[in-house]
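The values are calculated or read from the model by the stated rules, or taken from the named source; none is laboratory data. Predicted model only: the values in this text are computed from it and were never measured. Note that each Cβ is placed from the backbone with ideal geometry, even for glycine, and that neighbours are counted across all protein chains shown.
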Amino acid sequence: MKYIYLLSIVFLFNAAGKAQTTSVVYFNSNQYSLLKSALQTLDSIVKEIKSNKVYDITISGYTDNAGEDNLNQTLSVQRANAVADYFKSKNIPSDNFIIKGFGKTFPVLNNDTEAGRMKNRRVEIYVNLNPPPPAQVAPFPTLPPKIKMEQAEALTENTSAKELEIGQVLTLPNLNFIGGTAVLLPEANVALEMLLKIMKENPTLEIEIGGHVCCADDMPLSTKRAVAVEKYLTENSIDDLRLHPKGYSRNKPIVPDDREEKNAKLNRRVEITILRK
């Protein structure tokens, strides 16, 4: 899999006009102070924000793999907060900020070189210029969700590939996303590491990665969620020929009525299907 990294502000467009800006700023090792080069990028973002109607700003912090995991997690949050604080100092309202720290997970380059580690010490800023869709009650699915629940088992640290059967479905516990995005929540790290472990221990294992959404049909988003998991695995040396991401939109909900957040969170998920052992 190839990852196209954004070195500066990139503007994304759709048929209706400008939809989102994506930007990246970098940090020195083990630091969360903003560099002069970062301030220039952030000032450009501030100008863009003030000249457009902005609906939300996602600020995601990351680190390289140096140091302990818990310290990296804290550092990634500090970096994200440093960017958020700068926006606040420029009178950008924080009501719609979404601030997340992901530690050393999701590197964009290999951490074996200093050049790679430098690119991983970053904060990614997504400025959403799209208005939210009109509120509406999504139709309930026609199939009872318990059918899906009976098919799926939870992946655990004790899961053995030898006991898995072709066609078996595994749920990834707590592998959840920020609503309306393909951005994984930090709680997903444990499930990702369990999946990576079983893939490394079983080099012939081939899987489908199924992405799911809640609340309304959105096939592109469900596919992006599957690809987010695929990206994690390929960046950790799993051959992409063993991985088959697929979006299911809202066709296989666990909970039929997901108007409440606790149920919506269950339906925003990724499941694994065993294709080959």
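Details
- Residue in the stretch 33-65 that is nearest to Val83 (Cα to Cα), counting only those that are in a loop (DSSP other than H, G, I, E, B) and within 22 Å of the chain's Cα centre (by Cα): Tyr62
- Any hit, the stretch 57-74, residues being surrounded by fewer than 19 Cβ atoms within 10 Å (Cβ to Cβ) and among the aromatic types (Phe, Trp, Tyr): no
- Scanning the stretch 223-239 turns up no residue that is over 30 Å from Asn110 (Cβ atoms), surrounded by 15 or more Cβ atoms within 10 Å (Cβ to Cβ) and in contact with a strand residue (DSSP E or B) (Cβ under 9 Å, 6 or more places away or on another chain).
- Within the span defined as the stretch 239-252, every residue fails to be out of contact with any His (no Cβ under 9 Å at 6 or more places or on another chain), in a loop (DSSP other than H, G, I, E, B) and basic (Lys, Arg).
- Among residues of the stretch 197-222, those that are touching a strand residue (DSSP E or B) at 6+ places or on another chain (Cβ under 7 Å), under 14 Å from Lys252 (Cβ atoms) and surrounded by fewer than 22 Cβ atoms within 10 Å (Cβ to Cβ), counted: 2
- For first residues located in the stretch 207-220 and closer than 29 Å to Lys277 by Cβ, partners that are of a type in the set (Asp, Glu) and lie 6+ apart or on another chain with Cβ distances below 9 Å form the pairs Glu208/Glu271; Ile209/Glu230; Ile209/Glu271; Gly210/Glu271; Gly211/Glu271; His212/Glu271.
- Selected residue [modelled with pLDDT of 90 or more and exposed (fewer than 11 other Cβ atoms within 10 Å of the Cβ)] from Ser89, Ser29: Ser89
- For the stretch 98-127, the set of residues classified as modelled with pLDDT under 90 and of a type in the set (Lys, Arg) consists of Lys100 only.
- You will find that of Asn70, Asn30, Asn110, Asn91, the residue that is of a type in the set (S, T, N, Q) and part of a helix (DSSP H, G or I) is Asn70 and no other.
- Scanning the stretch 176-190 for residues that are more than 9 Å from the chain's Cα centre (by Cα) and at pLDDT below 80 turns up Gly179, Gly180.
- Within the stretch 184-238, the residues that satisfy the criterion of being aliphatic (A, V, I, L, M), outside any helix (DSSP H, G or I) and within 19 Å of Thr58 (Cβ to Cβ) are Leu184, Leu185, Val213.
- Residue-level analysis places Asn130 among those that are in a loop (DSSP other than H, G, I, E, B), surrounded by fewer than 18 Cβ atoms within 10 Å (Cβ to Cβ), at pLDDT below 80 and of a type in the set (S, T, N, Q).
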